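Note sheet for the following structure.
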Amino acid sequence: MNGVFPIAREELRLWLRSRLAFSALLVFALLLTATSVLTALRMSAEQQQRTGQQALAEETFLSQPDRHPHRMVHYGHYVFRVPPPLSVVDPGVDAVTGQSMFLEGHRQNTAMFADAGAGANLGGFDDLTAALVYQLFVPLLLIAMGHGLIVREREENTLAPLLAQNVTGVMLCLGKWIALAGVALVLLLPLFVMTALAAARGESLLTSAGLIGIYALYSLVWCSLILLVSALVRHRGLGLGILALFWLGAVLIVPRTAVESASTVVPAEGKLETDLRMQAELRAVGDGHNAGAPQFMRLRANLLAQYDVERVEDLPVNFRGVVAEVNEADVTDVLNKYAGERMALEARQARFAESFGWLSPVVAVSAGSRALSGTDLATHHRFLRKAEEVRFDFVQGLNRVHVEQLDYTIDINRSIDTASERLTRMSAENWNVLDEFSFEAAPASERLTRAAPALTMLSAWFLLLTAAVVFASRRIRP
Amino acid sequence: MVDSDKAASGSQARTSRESSHNKAPVLAAESLGIVRSGRQVLKDVTFRIAPGEIHALLGGNGAGKSTTLLTFLGFLTPASGGVQVQGRDVGKNLNEVRRAIAYLPEAASLYGHLNAYENLGYFLALAGTDLDREALDEALDRVALQPGARGMRMQTYSKGMRQKVAIALAILRDTPILLLDEPTSGLDPVAIDDFNRLVRDLADTGRTILLVTHDVYGACHVADRIDLLQNGELVGAFDRPPGMDRIDTEAVHEAFAGRAAA
């Protein structure tokens, strides 16, 4: 196998001396570096901005004056999904799922988006993330550089003298593969720097290494594919055409088909129909603002019996507060049921779409990249669940203040009696029921588990293509 | 079977190489048949080349000359018969066979982005040979490549200059066997004479040379023996008579042209 490294070295020398290949490499390196820096700057700014907004939202809530606790329930609170450190590589679904949410009583609001100004400054160029460059454009560069690896030797009649030097087809292919893989791995340097920075900002080393690993594996898949095609075809133009078609299919057609077929195979009920069903269930639960509603008669009777009194005014707790508390729990059960169903359905659709990674390595790597970066749909769902936990806790905390600290008689007279209204204003210290919200992506082990299917698919791609290369290399003839 | 020995009947006497023919052949094709893309390109070809002999396969385009060389290199598998190099079956001893052979392809196929030294260094490294600049210069001197051109990229070379570097590579490989495919194609008459002398020198140092060509004049001047190949079959053979410095060009030309016309 002595000839392997001279072959690799020679291929690299050819690229360095070829103005076209060298220029393409240089342009891509610049594009990659520029995109990486811009993505890193944008996501760092987003991180800082959202962290600041989160702190401001908490400060604003806590600085509210004394008032009726239920007014605070409706005053509400904002939570922000601070992007994880590895989002500097792959912002994932961040831009399309909303990054903040308004939390209030009896409702689960949808996530909202950042202000348009944040994304408009760079004229849309910021949409080109480092992850996209690695997923879509690095393969193009590898195709441009590597499509002639073997077929060029054939076309320029250098294959026969090469093989006549006792170089086997396997050695030739291995040498060429090492050269192309060397270029691919050098192109991963910006990724290495970004993940190192993310690790320095608290990201797990495991996920950082996993992200580098998955992109390295993805690049090697393309190296093997390019080498295989170059070994099989008789003309460079044909090889380039086949690889360009594969790229188009892998980058555009298969992902688009995956998304379309996911919504067909795993159909989702329309929002209107779902909302109508949910509203019907919520009506059955009752409106917690109306303690006299028939839905709360049994609660009223139970409480009176429990405390052995005749009238709600004689209860040691505020009946309206109890109704608000119980109703909040019941409403939340309904809301959580629908939210759970929606998230499960979205997850099923995502899993189905991701299974197209068996047909396109681009689909596999993008799924794995988002999972490892903590910017996938599962992370968004995790944000929704964490936000809901915060919402439910602070609303119920305020309801508990309503139950325990606010006299029922004063409470019902607050609309007709100014003095009573003043007495219903609870101390602002009670607003401390609000927990600090600090969203973090799932732990490294969980993200690695989520990325496992993508890693499996890419490994299968790599092994199959490499086996095919070995098979083809044994049949290389001048 | 059309054997070169049989085909030689009626041609010139072949006593001059009797002694070497009695030795074990370095290269031998026995009833060789090759089929490529469903077409029979070699049919029942038999010849043996003794050590130190210069053997030319003469034929027109598509006669099967280059195919014969590729078969000795193990790039093609015989459909019938077989080829042997130094007594070894080529298909079963590919590594040993290729180590023993230096091959000069038809189009002087070297890399345009490399200079002469880099080309030689690369191919020699692949063959497991590491030679210094002095040795390379010595070989390039032998093929008379101008020193000023040696450091220039070969994409600026003429066809003849590239051919000289390829010949230098064959010399530097220092193998007992040389397979030369149209080695004088593209060379000027002076360079052809120089090349013929070089080939003769190499044969005199014990190397066995099989060259394929359609150049009747060149083959008659350099070869000890010529086999005439037409449509994949051996149709005639000529030996250099004792005491003569070349094979009778007119006889070969007549046979070649006559066969071609037929």
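The values are calculated or read from the model by the stated rules, or taken from the named source; none is laboratory data. A quick note: this is a predicted structure, and the numbers were derived from the prediction, not measured. Because the Cβ atoms are built from the backbone with ideal geometry, glycine has one as well, and the counts that use them run over all protein chains shown. SASA here: full protein model, heavy atoms, side chains in, ligands and nucleic acids out. Shrake-Rupley method; radii C 1.70, N 1.55, O 1.52, S 1.80 Å.
Side notes on the structure shown:
- The test for being more than 9 Å from every other protein chain (Cβ to nearest Cβ), assigned to a helix (DSSP H, G or I), without any contact (Cβ under 8 Å) to a residue 24 or more places away in the chain and more than 26 Å from B:Gly60 (Cα to Cα) does not hold for B:Glu118.
- Any hit, the stretch B:173-185, residues being over 14 Å from the mean Cα position of the chain (by Cα), within 14 Å of chain A (Cβ to nearest Cβ) and within 26 Å of B:Phe47 (Cβ to Cβ): yes
- Leading residue by the ranking (nearest to the other protein chains (Cβ to nearest Cβ)) among those in the stretch B:68-113 that are assigned to a helix (DSSP H, G or I) and free of Cβ contacts under 8 Å to residues at least 40 places away in the same chain: B:Arg98
- Any hit, the stretch A:173-188, residues being buried (at least 21 other Cβ atoms within 10 Å of the Cβ), small (Gly, Ala, Ser), without any contact (Cβ under 8 Å) to a residue 12 or more places away in the chain and within 11 Å of chain B (Cβ to nearest Cβ): no
- B:Leu124 falls short of the stated requirement of being farther than 28 Å from B:Leu198 by Cα and in contact with a Lys or Arg (Cβ under 8 Å, 6 or more places away or on another chain).
- Residue pairs whose Cβ atoms lie under 9 Å apart, separated by 6 or more positions or on different chains, with the first residue in the stretch B:193-216 and in contact (Cβ under 8 Å) with a residue 12 or more places away in the chain and assigned to a helix (DSSP H, G or I) and the second aromatic (Phe, Trp, Tyr) and open to solvent by 10 Å² or more (accessible area, probe 1.4 Å), are B:Val216/B:Phe256.
- Flag for B:Asp181 being under 21 Å from A:Gln165 (Cβ atoms) and surrounded by fewer than 20 Cβ atoms within 10 Å (Cβ to Cβ): no
- Those residues of the stretch A:146-158 which are within 10 Å of chain B (Cβ to nearest Cβ) and either over 16 Å from A:Val229 (Cβ atoms) or outside any helix (DSSP H, G or I) (or both), in sequence order: A:Glu156, A:Asn157, A:Thr158
- So A:Ala184, is it farther than 15 Å from B:Leu124 by Cα and either hydrophobic (A, V, I, L, M, F, W, C) or in a helix (DSSP H, G or I) (or both): yes
- Scanning the stretch A:32-59 for residues that are in contact with a helix residue (DSSP H, G or I) (Cβ under 7 Å, 6 or more places away or on another chain) and of a type in the set (A, V, I, L, M), we see that the one that is farthest from A:Ala200 (Cα to Cα) is A:Leu32.
- Residues being open to solvent by less than 40 Å² (accessible area, probe 1.4 Å) and either assigned to a helix (DSSP H, G or I) or away from every other protein chain (no Cβ under 14 Å) (or both) - total across the stretch B:121-136: 8
- Flag if B:Ala56 is more than 9 Å from every other protein chain (Cβ to nearest Cβ), in a loop (DSSP other than H, G, I, E, B), among the small types (Gly, Ala, Ser) and open to solvent by less than 30 Å² (accessible area, probe 1.4 Å): no
- Hey, B:Gly148 more than 10 Å from chain A (Cβ to nearest Cβ), of a type in the set (Gly, Ala, Ser) and open to solvent by 40 Å² or more (accessible area, probe 1.4 Å) or not: yes
- Matching helices (runs of 4 or more DSSP H) fully within the stretch A:1-85 where at least 3 residues are more than 14 Å from every other protein chain (Cβ to nearest Cβ) and not hydrophobic (A, V, I, L, M, F, W, C): A:19-62, A:69-75
- None of A:Glu341, A:Glu269, A:Glu281 is of a type in the set (Asp, Glu) and either open to solvent by less than 70 Å² (accessible area, probe 1.4 Å) or touching a Leu at 6+ places or on another chain (Cβ under 7 Å) (or both) except A:Glu281.
- Test for A:Val312: is it farther than 30 Å from A:Leu458 by Cα, open to solvent by less than 70 Å² (accessible area, probe 1.4 Å) and at pLDDT 90 or above: no
- Selection status of A:Ala231, out of contact with any Pro (no Cβ under 6 Å at 6 or more places or on another chain), open to solvent by less than 30 Å² (accessible area, probe 1.4 Å) and modelled with pLDDT of 90 or more: yes
- Test for A:Phe5: is it surrounded by fewer than 17 Cβ atoms within 10 Å (Cβ to Cβ) and touching a helix residue (DSSP H, G or I) at 6+ places or on another chain (Cβ under 8 Å): yes
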